[in-house]
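Below is one structure, written out as structure tokens; comments come after it.
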Amino acid sequence: MTTPFDPQYLEALIARARYPLGPRRTVALDRSDGSFGELAALLTRHNGLTVFDAGVQVFRAGAEGLGPDLQTWNDPRLWKHTYEGLADGLLCFAQDLFGTQFALDNDGHVVRFDPETAERTPLGDSLENWAQWLLADPDLHGTHAFATRWQDQHGPLPHDQRLIPRHFFTLGGAYEDHNLVAKEAAQCMRIRGPLAQTVYSLPDGAQFQMTATPPPSDPGLLSRHELTVFADYSTLLIQDDDANLGEPEPTWFDALVENWINTAPGVVGIGAARPFDVPVTVDVRRTPPADDTELQQADHVTQASLALPSGRLLISMQDTRDKIPRIPLAPGNYAVRIYSHGLNTLSEDGLEGEDRYHVVLWPTDEDHPAQVLKRYPEPLPGG
């Protein structure tokens with residue numbers, strides 16, 4: 001049984017809305033108390049709506065209509081699984097232009113769910129409170145001005161699409177057209193799930209690295225990260241954020257000197273030519289490199305497996321301070337291939353050079369032992 005209501009602010013919001021998004025139907029949710037009853041009554045009255053020039057979209061109920069439907073949108077298999085529990089216990093009933101979710105939690109509170117951080121902000125105990133919050137500042141809370149300007153310049157946004165930043169807002173991305181692209185709404189959420197996992201689990205003040213969408217010329221490339229890393233003792237550790245190398249046996253480093261590759265649980269150690277800051281490019285791929293011409297071009301190439309249960313990749317030399325950037329990835333097992341370039345450019349004293357290191361990761365179910373795929377024909381520098 002739904003709860004009839006005629007609140008002041010919700011009525012004012014509806015007066016500014018366009019509706020319905022689906023055919024008329026009587027909506028019953030699993031719960032009928034409090035805000036759940038209010039939502040069922042709203043959808044029975046107007047089955048889905050948009051307001052603020054589609055800056056806010058309330059999902060419809062049922063299989064027919066425009067945009068996402070309430071049941072499918074809240075199916076964990078659509079996008080919530082990428083948040084690894086951070087979106088559990090939420091009935092998401094609306095979203096803004098950038099995919100920020102408005103939801104009812106298990107206690108019936110209305111909350112704002114940030115898709116990049118998984119942060120939940122309480123807005124009240126009823127849809128009336130939610131409507132009051134939206135109307136207090138439609139541009140800030142309901143993306144009204146941005147939605148109007150975007151659609152004036154780019155045309156109407158389809159009901160099943162939202163805007164997603166190329167460079168995420170959490171990482172300093174701008175709310176500007178050049179940083180935004182329209183994508184299918186559920187895809188926008190799936191893209192940001194791994195980011196939210198990383199942001200949510202990092203301590204306050206910690207830094208991590210993530211880049212914009214890679215160029216479409218290589219559909220297998222998920223992200224690229226340009227780093228400068230201090231190679232203390234001419235060594236770098238590619239590791240899971242929660243791994244701890246500790247004090248390995250001296251022979252562990254012998255392999256780094258001889259082959260520039262060795263492993264420990266959650267750690268891949270690699271050699272470098274100089275004990276200084278060196279440029280490191282990290283590519284995260286869906287699949288292994290298809291045309292591995294770089295294997296022919298590089299001076300020295302190594303490969304190993306890496307378990308990454310935390311979903312946070314760290315590259316340093318036994319330095320896990322919060323200021324060291326973390327790269328967010330989907331938790332799992334990865335193959336790691338390291339291409340070392342410019343080893344013949346070192347000065348006689350070994351202090352200067354144009355050496356650089358290209359780290360490529362891709363998910364794998366196979367166990368790759370530490371191995372040299374291509375050996376530098378001369379003694380490896382930095383030993």
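Results, tabulated for the structure shown:
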| quantity | calculated |
| --- | --- |
| Those residues of region 80-113 which are in contact with a Gly (Cβ under 7 Å, 6 or more places away or on another chain) and modelled with pLDDT under 95, in sequence order | 82, 83 |
| Within region 24-40, considering residues that are within 17 Å of residue 62 (Cβ to Cβ) and under 35 Å from the mean Cα position of the chain (by Cα), the one surrounded by the most Cβ atoms within 10 Å (Cβ to Cβ) | 39 |
| Residue, farthest from residue 327 (Cα to Cα), within region 149-196, restricted to residues that are more than 23 Å from the chain's Cα centre (by Cα) and assigned to a helix (DSSP H, G or I) | 152 |
| Set 77, 18: member being of a type in the set (Lys, Arg), in the same structural domain as residue 146 (by TED's automatic domain parsing) and over 29 Å from residue 148 (Cβ atoms) | 77 |
| Candidates 286, 321, 326, filtered to the one that is modelled with pLDDT under 95, in the same structural domain as residue 351 (by TED's automatic domain parsing), more than 23 Å from residue 366 (Cβ to Cβ) and surrounded by fewer than 19 Cβ atoms within 10 Å (Cβ to Cβ) | 321 |
| Region 10-37, subset outside any loop (DSSP other than H, G, I, E, B) and touching a Ser or Thr at 6+ places or on another chain (Cβ under 6 Å), residue farthest from residue 92 (Cα to Cα) | 18 |
| Filter result (under 25 Å from residue 311 (Cα atoms), of a type outside the set (S, T, N, Q) and at pLDDT 80 or above) within region 173-193 | 183, 184, 185, 186, 188, 189, 190, 191, 192, 193 |
| Subset tally (residues that are surrounded by 17 or more Cβ atoms within 10 Å (Cβ to Cβ) and either touching a Gly at 6+ places or on another chain (Cβ under 6 Å) or over 21 Å from residue 279 (Cβ atoms) (or both)) for region 333-355 | 4 |
| Test set (1) touching a helix residue (DSSP H, G or I) at 6+ places or on another chain (Cβ under 9 Å); (2) in a loop (DSSP other than H, G, I, E, B); (3) over 20 Å from residue 128 (Cβ atoms) - residue 66 fails condition number | (1) |
| Region 118-145 residues that are at positive phi, paired with ones that are modelled with pLDDT of 95 or more and small (Gly, Ala, Ser) (beta carbon under 6 Å, 6 or more apart) | 143/55 |
| Among (1) touching an Asp or Glu at 6+ places or on another chain (Cβ under 8 Å); (2) β-branched (Val, Ile, Thr); (3) modelled with pLDDT of 90 or more, the one test that residue 170 misses | (3) |
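The values are calculated or read from the model by the stated rules, or taken from the named source; none is laboratory data. Given the structure is predicted, the values throughout are model-derived calculations rather than measurements. Quick reminder, even Gly has a Cβ in these numbers, built from the backbone with ideal geometry, and neighbours come from all protein chains shown.
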